[in-house]
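**Q** Got a structure for you, questions after.
The values are calculated or read from the model by the stated rules, or taken from the named source; none is laboratory data. Since the structure is predicted, the reported quantities are computational estimates derived from the model, not experimental observations. Here Cβ is always computed from backbone atoms with ideal geometry, including for glycine, and neighbour counts include all displayed protein chains. Areas reflect the complete protein model, heavy atoms only, side chains present, ligands, DNA and RNA absent. Shrake-Rupley method; radii C 1.70, N 1.55, O 1.52, S 1.80 Å.
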Amino acid sequence: MPYKWLNAVQTSLYPPICLLCKAPGTDDLDICTDCMEDLPRITQACRRCAIPLESSRVELCGACQHEPPPVDNALAAYLYTFPVDRLITELKFRGKLPYARLLGRLMTESLIDSITELPEYIIPVPLHPWRIATRGFNQSLELARDISRYLQVPIDIDSVRRTRHTPPQTGLPEQERQKNVRRAFDIRPTLSLDHVVIVDDVLTTGNTVREMARMLKRSGVKRVDVWVLARTAAS
Ligand SMILES: [Zn+2]
Ligand SMILES: [Zn+2]
């Protein structure tokens, strides 16, 4: 109740305006109908890594057929391309937290029809405390809030911790990227869950979520899915 009331107050004071073209927003969101329709949605993708596929007749990409990842099911809402990349950059690197509300809602609306089984918990990819201290928030947690509320599935931010302050993945060769995330997470030993979903903002090589999924499975979780806002077209 208080949440809805707060939303109503917010709307009357600040009518929603499209963050992309400044037209009036739609559905109480800071995006207009035209811009929303133009967003690069992913329609067919690999079931386990969410990479876009050209044919709907195959369920898995070549890489996942060759070596199945520890992720059971991966869903990505949008392609990591314009304007989604711009909106994510504004959120992450310019600290524009209001963008999280829009992006979180878009992620929910885009993924909701593809979710077949509810997990017990949603686990946002944790950031190292140093990163949180400089950014002020964890974007994966902020994105996870809307879908958690919609599905009534709680968020768990205690079971997985980032133990190493890893340098950014971009620009590193593949082997270095894999080394970079190895043992970057610490899983709470008392964790006893069957099915969890990892939420992240962008999926690129997938090394980070694969490592997290691998460690969750090693600690006894039977099924680990991944939901992301955006996916690059190639790993
Ligand atoms: Zn617009
Ligand atoms: Zn795949």
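**Q** Restricting to the range 22-64, what's the tally of residues that are part of a loop (DSSP other than H, G, I, E, B) and either under 19 Å from GLY104 (Cα atoms) or within 16 Å of ligand 2 (Cβ to nearest atom) (or both)?
**A** So the count comes out to 28.
**Q** Then there is this: Based on what the data block shows, is LEU91 in contact with a Phe, Trp or Tyr (Cβ under 6 Å, 6 or more places away or on another chain) and either surrounded by 17 or more Cβ atoms within 10 Å (Cβ to Cβ) or without any contact (Cβ under 8 Å) to a residue 60 or more places away in the chain (or both)?
**A** Yes, satisfied.
**Q** Out of the range 186-209, which residues are over 20 Å from LEU111 (Cα atoms) and crowded, with 16+ Cβ neighbours inside 10 Å?
**A** Filtering the range 186-209 for residues over 20 Å from LEU111 (Cα atoms) gives 186-194, 205, 207-208.
Of everything in the range 186-209, those that are over 20 Å from LEU111 (Cα atoms) and crowded, with 16+ Cβ neighbours inside 10 Å turn out to be ILE187, LEU191, LEU193, THR205, ASN207, THR208.
**Q** Out of the residues in the range 128-143 that are open to solvent by less than 30 Å² (accessible area, probe 1.4 Å) and either in contact with an Asp or Glu (Cβ under 9 Å, 6 or more places away or on another chain) or of a type in the set (Phe, Trp, Tyr) (or both), state the one that is farthest from ILE198 (Cα to Cα).
**A** Taking the candidates together, the pick is PHE137.
**Q** List, please: which pairs have Cβ atoms under 6 Å, are six or more places apart or on different chains, and start with a residue in the range 14-34 that is farther than 19 Å from ASP146 by Cβ and open to solvent by less than 80 Å² (accessible area, probe 1.4 Å) and end with one that is acidic (Asp, Glu) and within 16 Å of ligand 2 (Cβ to nearest atom)?
**A** Matching pairs, first to second residue: none at all.
**Q** Another one. For the range 210-234, name all the residues that are open to solvent by less than 10 Å² (accessible area, probe 1.4 Å), assigned to a helix (DSSP H, G or I) and in contact with a Phe, Trp or Tyr (Cβ under 7 Å, 6 or more places away or on another chain).
**A** Correct list: MET212 only.
**Q** Is it fair to say THR204 is farther than 18 Å from PRO52 by Cα and within 13 Å of the chain's Cα centre (by Cα)?
**A** Values: farther than 18 Å from PRO52 by Cα: no; within 13 Å of the chain's Cα centre (by Cα): yes.
So THR204 fails the test.
**Q** List, please: which pairs have Cβ atoms under 7 Å, are six or more places apart or on different chains, and start with a residue in the range 207-220 that is over 12 Å from VAL196 (Cα atoms) and end with one that is open to solvent by less than 20 Å² (accessible area, probe 1.4 Å) and in a helix (DSSP H, G or I)?
**A** ASN207/VAL181; THR208/VAL181; GLU211/VAL181
**Q** Moving to a separate point now. Pairs please, first residue from the range 37-64 and farther than 27 Å from ASP27 by Cβ and not assigned by TED's automatic domain parsing to the domain that holds PHE82, second anywhere and at pLDDT below 95 and within 16 Å of ligand 1 (Cβ to nearest atom), Cβ atoms under 7 Å, 6+ apart in sequence or on different chains.
**A** Filtered contacts from the range 37-64: no entries.
**Q** Right, another one. Among LEU97, LEU60, which is the only one that is at pLDDT below 95 and over 15 Å from THR232 (Cβ atoms)?
**A** LEU97 is the lone residue from the list that is at pLDDT below 95 and over 15 Å from THR232 (Cβ atoms).
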